[in-house]
Amino acid sequence: MCTFIIMGNTNSKRNPPTPPNNAEKDTSVSAGQRGFKQNHELCGLSLDIEEISTNVPEIHSSDEDPEDVFYKFVILHAQNDADEASRLQHLLQNNFCIKPGIIFAEMPSGRHFFQNLNDAVNRSAWTIILLTEHFLSEAWCEFQSYASLMNALNKQHKYNSVIPLRPLNNPLPREKTPCVLQAINALEEDSPGFAKQVEKIFQESKYRQQQAMWKKERTNETH
C-alpha cells in the first residue's frame, strides 16, 4: 500500500524549520532512499486524489465507449498463475503507480481466446509475459509469447513492448526459457535493481505515444 509521507518537526512552535536546515537534512539521504520515498509520495498522492474523486458525482456521456481504455500493461500468464499475475498487477499499480493494468484472466469471458489475446496485446502499451514453471505446462503460453513478439515486430511503435518477467514465486529457470524469450532482457523480481528497471521501462511518454497510435488505428477502422 502506498502512503503519503509528511516530514515535519514536532517541536515546530519553539524552533520553526527553515529552508537551510531542510536542505542539509536532504543531503544526508542517499539517492536510492530519496527516489524510493519520492516514488511512494507520488503514488500516495495519486491515491489521495482518487479517494477524493470518489466523493464527486461522475458525469458519463451517452456516447462514451466502455471499451475505450488503453492499458499501460497486460500480464499474459498460465491458467494456474492467475493469483500470481494479480499480485504483480497490484504491485505495479500500487507501488509504482503504473496504471491502469490488466491480467489475461480479467479479459471478457465467453469470447474466443484469439479475440481476447488480440485485444489484450493491442489495447496495452506493454505486454508482460509471466515466466513461471507453469509457463511450459500449457502450450498456449508459448503461443501467446510468439503472437506478442510478432505483433511487436509488425508495428514499429510496439518495438520493445514485450517484457518477460520472472516473479519471486515459482520462477522459470533461465535454462528452461524458450530461446526466443532468452534474447529479451527479462525483469527479475528478486533483482536488487528491479525498481530501477521498472521505472526505466514503463515511461509515461512511451505510453502516450502508443495510446495516440491506438486511437488513430481505431479511428481509421471506423471509416
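The values are calculated or read from the model by the stated rules, or taken from the named source; none is laboratory data. Quantities reported herein were computed from a predicted structural model and do not represent experimental measurements. Methodologically, a virtual Cβ is constructed for each residue, glycine included, from the backbone with ideal geometry; neighbour enumeration extends over all protein chains shown. Please note that ligands, DNA and RNA were not included when accessible areas were found on the heavy atoms of the full protein model with its side chains. Shrake-Rupley method; radii C 1.70, N 1.55, O 1.52, S 1.80 Å.
What is the residue count in segment 161-172 for residues that are over 11 Å from Ile128 (Cα atoms) and in contact with a strand residue (DSSP E or B) (Cβ under 9 Å, 6 or more places away or on another chain)?
Here is the first cut: in segment 161-172, the residues over 11 Å from Ile128 (Cα atoms) are 167-172.
Then keep just the ones that are in contact with a strand residue (DSSP E or B) (Cβ under 9 Å, 6 or more places away or on another chain); that gives 167, 169-172.
Qualifying residue count, segment 161-172: 5.
Among the residues of segment 165-177, those identified as part of a helix (DSSP H, G or I) and among the basic types (Lys, Arg) are Arg174, Lys176.
Against the condition open to solvent by 30 Å² or more (accessible area, probe 1.4 Å) and of a type outside the set (A, V, I, L, M, F, W, C), how does Lys99 come out, does it pass? When the stated conditions are applied, Lys99 passes them.
Okay, residues lined up against (1) in contact with a helix residue (DSSP H, G or I) (Cβ under 7 Å, 6 or more places away or on another chain); (2) of a type in the set (Ser, Thr, Tyr); (3) farther than 19 Å from Ala85 by Cα; (4) in a loop (DSSP other than H, G, I, E, B):
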| residue | (1), (2), (3), (4) |
| --- | --- |
| Trp140 | no, no, no, no |
| Leu149 | yes, no, yes, no |
| Ile163 | yes, no, no, no |
| Leu181 | yes, no, no, no |
| Ile184 | no, no, yes, yes |
| Lys200 | no, no, yes, no |
| Ser205 | no, yes, yes, no |
| Thr219 | no, yes, yes, no |
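With the structure loaded, tell me whether Ala120 is buried (at least 21 other Cβ atoms within 10 Å of the Cβ) and within 13 Å of the chain's Cα centre (by Cα) or whether it fails that test. So Ala120 does not fit the description; no. Might you check whether a residue that is open to solvent by less than 80 Å² (accessible area, probe 1.4 Å), of a type in the set (A, V, I, L, M), under 19 Å from Val69 (Cα atoms) and without any contact (Cβ under 8 Å) to a residue 60 or more places away in the chain occurs anywhere in segment 205-222? Yes, because at least one residue in segment 205-222 is open to solvent by less than 80 Å² (accessible area, probe 1.4 Å), of a type in the set (A, V, I, L, M), under 19 Å from Val69 (Cα atoms) and without any contact (Cβ under 8 Å) to a residue 60 or more places away in the chain.
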